[in-house]
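All remarks here apply to the structure that follows.
The values are calculated or read from the model by the stated rules, or taken from the named source; none is laboratory data. Predicted model only: the values in this text are computed from it and were never measured. Cβ placement follows ideal geometry from the backbone for every residue including glycine, while neighbour counts extend to all protein chains displayed.
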Amino acid sequence: MSTQDKLIKIKFQNHRREIFRNPMEFPIKDDDAVIVEAERGEDIGVAKNYPVPKTAGESEQDKLIVLRKANLHDLGKNSENLIRQKTAFAFCRQCIQNLQLPMKLVDVEYRLDRKKIIFYFTADDRIDFRELVKMLASEFKTRIEMRQISTREEIRQLGGIGPCGEPICCHQFIDDFEPISTQLVKEQNLPMNPTKISGLCGKLKCCFRYEHEYYREILEKYPSYGTKVSFRKQIGVIEKIDIFQHTVTLKFDNDETEEFPLQEFDNNYKVLSYPL
């Protein structure tokens, strides 16, 4: 079995996804609950049938491993932890209010072995939460980790429905947030309307990034927007190319616009000049 086949993507409670080694080659299927190696302990997650990145195998030796498939005892303990998390969330939120800390608690995650509890929060600035950690450690008698996350990560954990009517991408399959710029929006010929190009997190939509390569691949076959062309004995400028509807929109010298099938356009246009 190749290195690639021994790598498994595991999804955890807060929609965090990580790659683990499967050196024992357990026959793990999609949605199987598995116990994995964690920092000084064990954690539980669910195997997801997402493609493992080609680069994942490059640092295989640095990755933690799958220890076993979850048994009934593991699943029962995890169910108890889910109940404990609700109590921990309520207690921590009350402590935040009492200490008047400018932070918002988003989620709480118990590690399976209960050797650590992670509290996820958002805040505009760095927070001095030393007193808060003391209160939490005293209450729960275990290691406490305060993890500040971005608004993108907050929405990924909470989930929701995007403007497209589908569950938001980051909640479903996006592992890492890559930089997204308005240039990606412009290259996809989309209107620069903040309400149209922003996701639930208030940032530019993630789909602009992973759809960009497809747009680039298709649009490279055609002249860029603003190119003056001759088409059917008329002179016009390319206003828009719709790669999904397979159409091109031309604006003619009389300021009228018309939409044509791309296949028809391909066979009948001639470039007169490119935009400056």
Applying the selection to segment 197-224, what residues are part of a helix (DSSP H, G or I), surrounded by fewer than 17 Cβ atoms within 10 Å (Cβ to Cβ) and without any contact (Cβ under 8 Å) to a residue 24 or more places away in the chain?
Glu213, Glu217
Going by the structure shown, is Glu178 among the acidic types (Asp, Glu), at pLDDT 80 or above and loosely packed, with under 15 Cβ neighbours inside 10 Å?
no
When you check Arg126 against the structure, is it among the charged types (D, E, K, R), assigned to a loop (DSSP other than H, G, I, E, B), in the same structural domain as Arg84 (by TED's automatic domain parsing) and within 27 Å of Val46 (Cβ to Cβ), yes or no?
no
Select, from Lys86, Lys134, the only residue that is surrounded by fewer than 18 Cβ atoms within 10 Å (Cβ to Cβ), at pLDDT 95 or above, of a type in the set (Lys, Arg) and more than 21 Å from Ile149 (Cβ to Cβ).
Lys134
If we keep just the residues of segment 143-175 that are touching a Phe, Trp or Tyr at 6+ places or on another chain (Cβ under 7 Å) and in a loop (DSSP other than H, G, I, E, B), which is modelled with the lowest pLDDT?
Phe173
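Conditions (1) within 24 Å of Pro102 (Cα to Cα); (2) in contact (Cβ under 8 Å) with a residue 60 or more places away in the chain; (3) under 23 Å from the mean Cα position of the chain (by Cα), marked per residue:
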residue: Phe121; (1), (2), (3): yes, no, yes
residue: Asp124; (1), (2), (3): yes, no, yes
residue: Glu131; (1), (2), (3): yes, no, no
residue: Met135; (1), (2), (3): yes, no, no
residue: Lys141; (1), (2), (3): no, no, no
residue: Ile144; (1), (2), (3): yes, no, no
residue: Glu154; (1), (2), (3): yes, no, yes
residue: Gly165; (1), (2), (3): no, no, yes
residue: Thr182; (1), (2), (3): no, no, yes
